[in-house]
Amino acid sequence: MKEDRLWRRIMELGSIGAHEDSGGVTRLSFTEEERQAKNLVIQYMKEAGLAVREDVIGSVIGRKEGKNPLAPVVLTGSHIDTVPHGGKFDGALGVLAAIEALQHMNEQGIETDHPIEVMAFTDEEGSRFGLGMLGSRALAGTLTLEQLTQTDEQGLTIVEAMRRAGYEPGKLREAAGNPAKVKGYVELHIEQGTVLERNNLSVGIVSGIAGPLWLQFTLTGQAGHAGATPMNARRDPLACASEIMSFIYQETRKVPNAVATVGKIRALPGGVNVIPEQVEFTLDLRDIDESVRNQLEGKVRAYAEQVSREQVIQLEISLLQRVAPAPCSSEIINAAESACQQAGLSPFTLVSGAGHDGMQFTDFCPMGMIFVRSREGISHSPLEWSTPEDCQAGTEVLYHTLFQLAQAR
Ligand code: GLV
Ligand code: MN
Ligand code: MN
């Protein structure tokens, strides 16, 4: 396998949607930047000798035929959308490593019994519409037309954004795969945490993925003059929101593995000397144990309702997405373990704190992941980094895993 080629592609793909000032990358779904990235991935897939197609939700698929073209397909890949000002590796590495593994097989004339397909899934991050994993949900057959009514910051629905990008949302069902025709899904991704770094390991195998719950809080009070309205005569939704946020952080800190993030906040109308009329903020709440996450959610909801009632603030909590934590399948974990040994690495398993497309496949096909060490665990940031050597080591493990899964037994 060619480390130089993989690295050159990571850097080249990472230049699409790159910001000169921050060094970050922004590629939101159904935008021009995302289209350019897809076109480049299509070019790489063709260079790798893969047959390329795009499904109705816009996921790009590159296929290496099997000796038995009717055998269930082995799926791999990741996503090529990013968060705002994200990094060059999150998602992109999994797609490019998979292309590299299959290009190597083709260059060496290596055939497999089962076909293998590289997926570059549409919108894993959910940054534009507050609903992520669109491509993987569509493939699993769980994405609904109702979910496509979620909107971006401009109020544009997913349906409308799809139409503007040349897709036909009415054909959504056509993206759904048949589980009987899929052997499994294995994704390579950067760890986005510090476990591998602390253990001095370049590659790890994922045992399970923590699930994100996304809520949007909208608090409505009374706008007013910042100088002339006494503190006891206000209905300030931001004061109320700040108490809810403090509660969220305090309660989450008490739970060992839970994490909570308020990542988006908006005060309207937004003036230095204006008491806001309305405040919106999002909550991203996760745990590897769904019942722990549910308990925490219940506490947050009850507290939010109580303080907003006391402060005469109107409160609305809407659900953006609720993704269940997902265990990885033992079949894929076992294959990845022996792949590590073939690559001269000791197998090491860890949990994923971040969400991934594979979570959509728990009821669809066996699913698993291979992680590559992240520098200082930083991700969703321009500082996201993995070394060329670690990317190469992960790609080798992916290669051996795919080869095993694609052999008839
Ligand atoms: C995706 O990166 C997520 O975990 O939110
Ligand atoms: Mn990702
Ligand atoms: Mn991400």
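The values are calculated or read from the model by the stated rules, or taken from the named source; none is laboratory data. Remember, it's a predicted structure, so these values are computed and weren't measured experimentally. Here the Cβ is made from the backbone with ideal geometry for all residues, glycine too, and neighbour counts use every protein chain on show. Areas reflect the complete protein model, heavy atoms only, side chains present, ligands, DNA and RNA absent. Shrake-Rupley method; radii C 1.70, N 1.55, O 1.52, S 1.80 Å.
Potential lengthening of the chain between ASN294 and TYR249 amounts to 14.6 nm, from the contour at 0.36 nm per residue minus the alpha-carbon distance. Rounded, prolate or oblate for segment 331-409? Axes are the square roots of the Cα gyration tensor eigenvalues, ordered a ≥ b ≥ c, and the cut-off for rounded is a/c under 1.5. Since a/c reaches 1.5 but b/c is at least a/b, the shape of segment 331-409 is classed as oblate. Taking amide H atoms as placed 1.01 Å from N in the peptide plane, the amide H of GLU187 lies under 5 Å from those of GLY368, MET369, ILE370, each 5 or more residues away in sequence or on another chain. When a/c reaches 1.5 or more, the comparison of a/b and b/c decides; with that in mind, is segment 323-374 rounded, prolate or oblate per its Cα gyration tensor? Here segment 323-374 falls in the oblate category. Would you mind getting me the FRET efficiency between ASN39 and LEU156? Use the beta-carbon distance for r and R0 = 25 Å, nearest 0.05. Efficiency at R0 = 25 Å is approximately 0.65. Ordered from largest to smallest accessible area (heavy atoms of protein chains, 1.4 Å probe), the residues GLU310, GLU20 come out as GLU20, GLU310.
Note on LYS46 and GLU12: with the Förster distance fixed at 22 Å, the Cβ-Cβ geometry gives a FRET efficiency of about 0.90. Counting Lys +1, Arg +1, Asp -1, Glu -1, what net charge surrounds LEU139 among other residues with beta carbon under 15 Å of its beta carbon? Result for the local shell: -2. The Cα atoms of the chain give a gyration tensor whose axes a ≥ b ≥ c have a/c of 1.5 or more with a/b greater than b/c, which makes the shape prolate. In the frame of its principal axes, segment 230-272 has Cα extents of 40, 23, 12 Å, reported largest first.
Loop-located trypsin sites (Lys or Arg not before Pro) across segment 225-289 with a Cβ neighbour count of 12 or fewer within 10 Å are LYS254, with loop assigned by DSSP. Taking amide H as placed 1.01 Å from N in the peptide plane, the amide H of ALA18 sits under 5 Å from that of THR26, each at least 5 places away or on another chain.
Backbone geometry of segment 9-25 corresponds, through the Karplus equation with coefficients 6.51, -1.76 and 1.60 at θ = phi - 60°, to 3J(HN,Hα) couplings of 5, 4, 5, 5, 5, x, 7, 7, x, 6, 9, 5, 6, 8, x, x, 10 Hz, x marking Gly and Pro.
Mean residue ellipticity at 222 nm, helices only, the chain: -10000 deg cm²/dmol; runs of at least 4 DSSP H residues each add -39,500 (n - 2.57), and the sum is divided by the number of residues. Each part reduced to its alpha carbon centroid, segment 315-365 and segment 43-63 end up 24 Å apart. Across segment 214-230, coupling constants 3J(HN,Hα) worked out from phi with the 6.51/-1.76/1.60 Karplus curve, θ = phi - 60°, read 10, 10, 10, 9, 10, 10, 10, x, 10, 5, x, 7, 5, x, 9, 9, x Hz, and Gly and Pro carry x.
With the simple model of a label 7 Å out from the Cα in the direction of the Cβ, VAL259 to ARG198 spans 1.2 nm.
The candidates LYS38, LYS46, arranged from most to least accessible area with a 1.4 Å probe in the full protein assembly, appear as LYS46, LYS38.
Residues within the reach of a label modelled at ARG309 (point 7 angstrom out along Cα to beta-carbon, backbone nitrogen below 11 Å), restricted to segment 237-261: there are none. Mean sequence separation of contacting Cα pairs (under 8 Å, at least six apart), scaled by the length of the chain, corresponds to a relative contact order of 22 percent. Under a 5 Å amide H cut-off, with hydrogens placed 1.01 Å from N, LEU143 pairs with ALA138 among residues at least 5 apart or on other chains. Set the Cα radius of gyration of segment 281-400 against 2.2 N^0.38 Å, with N its number of residues, and you get 1.44. Stokes-Einstein diffusion for segment 113-251, with the hydrodynamic radius set to the Kirkwood value over Cα pairs and evaluated at 10 °C in a medium of 1.306 mPa s, equals 80 µm²/s. The GluC sites (Glu not before Pro) of segment 76-121 that meet both conditions, a loop assignment by DSSP and at most 13 other Cβ atoms within 10 Å of the site Cβ, are GLU111. In straight-distance terms, cross-link reach from LYS183 covers every one of the aspartates and glutamates whose alpha-carbon lies under 12 Å from its own, apart from those fewer than eight places away in the same chain; here that gives ASP113, GLU117, GLU331. For segment 215-303, the pair-distance distribution built from all alpha carbon pairs, in bins 5 Å wide starting at 0, is 3, 14, 23, 19, 14, 11, 8, 5, 2, 0 percent. Considering only ASN257, ASN334, ASN273, the mean-square fluctuation computed in a Gaussian network model of the chain, springs between alpha carbons under 10 angstrom, is largest for ASN273. With θ taken as phi - 60° and the Karplus curve 6.51 cos²θ - 1.76 cosθ + 1.60 applied, the whole-hertz 3J(HN,Hα) list for segment 150-165 is 5, 10, 8, 5, 8, x, 7, 6, 4, 4, 5, 4, 5, 4, 4, 8 Hz, x standing for glycine and proline. Summarising the strand pairing of the chain, around 70 percent of its internal DSSP beta bridges are antiparallel. Legend: calculated FRET efficiency, THR218 to GLU65, from the Cβ-Cβ distance at R0 = 35 Å, rounded to 0.05, equals 0.10. Counting Lys and Arg as +1 and Asp and Glu as -1 over every other residue whose Cβ lies under 13 Å from the Cβ of ALA408, the net charge comes to +1.
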